[in-house]
Amino acid sequence: MSGVPEVEVDSAASAEAHAEAHEPPQHAADPDTATVDHAAQGDPDATTADHEEEPVPSIEELLTQRDGYLSDLQRVTAEFANYRRKAAERQQETVAMAAAGIVEKVLPVLDAADAAVGQGAHDVAPIRDALFAALEKEGLARLDTPGALFDPNCHEAVVHEPGEGEAVIAEVLRAGYQWNNRVLRPAMVKVRG
């Protein structure tokens, strides 16, 4: 035998102690003061003040609600498409205005080249023509056609001489230009008629 003393365990006493430790608490005997949570015990019919059941909507109500959401979605989608279209148009207008501003700053160079060619400096003509050709590809057009009808939107009459019939351009004193169908500078002209 080893030096450890043997201890006898009373199995009946230990079973009783174990049962008392795991026994559920007893409720009060008075039914008026006893509170029983049927919902916690799994009773499906039990309702508490915290969890009231919501009524189930009918099929018609659900279809009406669905149709309302669909019309809202379609309206918002259409509004967004319009916004994108208008934003793209504004962006194109801004780019066109910026380009027109740059071209307006180049017009004095074309005027100087025209004046130089008019004074006999014919070696400036190829530079003037190359500059105008490059700008013409992007949308620049001259408004200086002698013999054309006078248009106050495109021409500025500084001299008028008498004549018969409608007013026509007799002489261009300074070239006018338009950029993508927008007049940048009207042509200064002599008008006859």
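General observations
- Qualifying GluC sites (Glu not before Pro) in region 159-193, DSSP loop, other Cβ atoms within 10 Å at most 13: E164, E166
- The local environment of Q178, defined by Cβ-Cβ distances under 10 Å, has a net charge of +3 under the rule Lys, Arg +1 and Asp, Glu -1.
- Rounded D (µm²/s) - region 62-192, Kirkwood Rh over Cα pairs, Stokes-Einstein at 25 °C, 0.890 mPa s: 134
- Comparing Cα centroids, region 103-158 and region 170-193 end up 10 angstrom apart.
- Our Cα-only numbers for region 122-184 put the radius of gyration and Dmax at 13.9, 40 Å.
- Our coupling estimate for region 137-150, obtained by passing each phi through the Karplus curve with A = 6.51, B = -1.76, C = 1.60 and θ = phi - 60°, is 4, 8, x, 7, 9, 7, 10, 9, 9, x, x, 6, 5, 6 Hz, Gly and Pro reported as x.
- Put a dot 7 Å past the Cα of A141, heading toward its Cβ, do the same for A88, and the two dots end up 2.5 nm apart.
- FRET efficiency estimate (nearest 0.05) - Cβ-Cβ, V95 to Y69, R0 45 angstrom: 0.70
Read-outs throughout are calculated quantities, based only on the coordinates presented, and are distinct from any laboratory measurement. Nothing here was measured: the structure is a model prediction, and the numbers come from that model. Cβ: placed from backbone, ideal geometry, glycine included. Neighbour counts: every protein chain shown.
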